[in-house]
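Below you'll find the structure, written out as structure tokens, and then a few comments.
The values are calculated or read from the model by the stated rules, or taken from the named source; none is laboratory data. Values in this document were obtained by computation on a predicted structure and should not be read as measured data. Here the Cβ is made from the backbone with ideal geometry for all residues, glycine too, and neighbour counts use every protein chain on show.
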Amino acid sequence: MEKIVLVAQNRSGKPGQIRRSGFIPAVLNKTDTSSYPVQFDAVTLNRVIAKQGSNARIWVETDGKREFGFIREIQKDVVDGRLLHVSIQLVTQHQEVRMQVPINYYGLEGLENRFLQLNIIRNEMGMTGPVSLLPEYLNVDVSEMEADDTILATNFQIDEEIKITDPEDEVYAIVKPHRIRALPETGETEDETFAVGETTPAEEPASE
């Protein structure tokens, strides 16, 4: 696991002022249920979340002391998607925690080449286990799947010490044929055609 270190600073000022100064307000939740407010450099924090995901495992350095934890919750602006606030849970590396682990579906091109598509039902899987064993994300290759194949928990390689908290029969995605949209009817009728040299049937005279 890549060792990521975020340097926390004591929070100073109101949230809006902090953001305008180039920082993101955050809170550190300790194992004894206490918490305290901090702030992180906005560029560094955004880069970590973009690369490692919203459940990234990180080391937080405060006043020269490093503690292990994971991103527990992020808040974004509903209009422009800007990062507004982050909550980080500090834990020991062997502490058992519960979290939602992102799923990475790859090999979609293999389906598209065979006129298939993947209908994703869930992008995360619920798990509980030691932090050091929980994956940062789950990978599943769908390139060789066929129509109506489903993706279940059994499609993933998961450590025996990790417990899946989702229902046993949870379906995360299903392969379906591409839907072909029919062209709308114009309401026009085709003209009757005849082979070369064939004469058009004469109209019958109107009865008197």
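Just a yes or no: is a residue in segment 64-79 of a type in the set (D, E, K, R), at pLDDT 90 or above, buried (at least 16 other Cβ atoms within 10 Å of the Cβ) and under 12 Å from Val5 (Cβ atoms)? Checked against the condition, which is being of a type in the set (D, E, K, R), at pLDDT 90 or above, buried (at least 16 other Cβ atoms within 10 Å of the Cβ) and under 12 Å from Val5 (Cβ atoms), segment 64-79 yields at least one hit. Scanning segment 170-194 for residues that are modelled with pLDDT of 95 or more and either closer than 30 Å to Lys3 by Cβ or in a loop (DSSP other than H, G, I, E, B) (or both) yields Glu170, Val171, Tyr172.
In this structure, is Ile49 within 20 Å of the chain's Cα centre (by Cα) and assigned to a helix (DSSP H, G or I)? Considered against the rule, which asks whether it is within 20 Å of the chain's Cα centre (by Cα) and assigned to a helix (DSSP H, G or I), Ile49 comes out as yes. Among residues of segment 68-89 that are over 17 Å from Val43 (Cβ atoms), those with a Cβ under 8 angstrom from a residue that is modelled with pLDDT under 95 and surrounded by fewer than 13 Cβ atoms within 10 Å (Cβ to Cβ), sequence gap 6+ or separate chain, pair up as Phe68/Gln93.
So, Arg122, is that one of a type in the set (D, E, K, R) and either out of contact with any strand residue (DSSP E or B) (no Cβ under 9 Å at 6 or more places or on another chain) or outside any loop (DSSP other than H, G, I, E, B) (or both) or not? Give the steps one after another, and end with the answer.
Numbers: of a type in the set (D, E, K, R): yes; either out of contact with any strand residue (DSSP E or B) (no Cβ under 9 Å at 6 or more places or on another chain) or outside any loop (DSSP other than H, G, I, E, B) (or both): no.
Considered against the rule, which asks whether it is of a type in the set (D, E, K, R) and either out of contact with any strand residue (DSSP E or B) (no Cβ under 9 Å at 6 or more places or on another chain) or outside any loop (DSSP other than H, G, I, E, B) (or both), Arg122 comes out as no.
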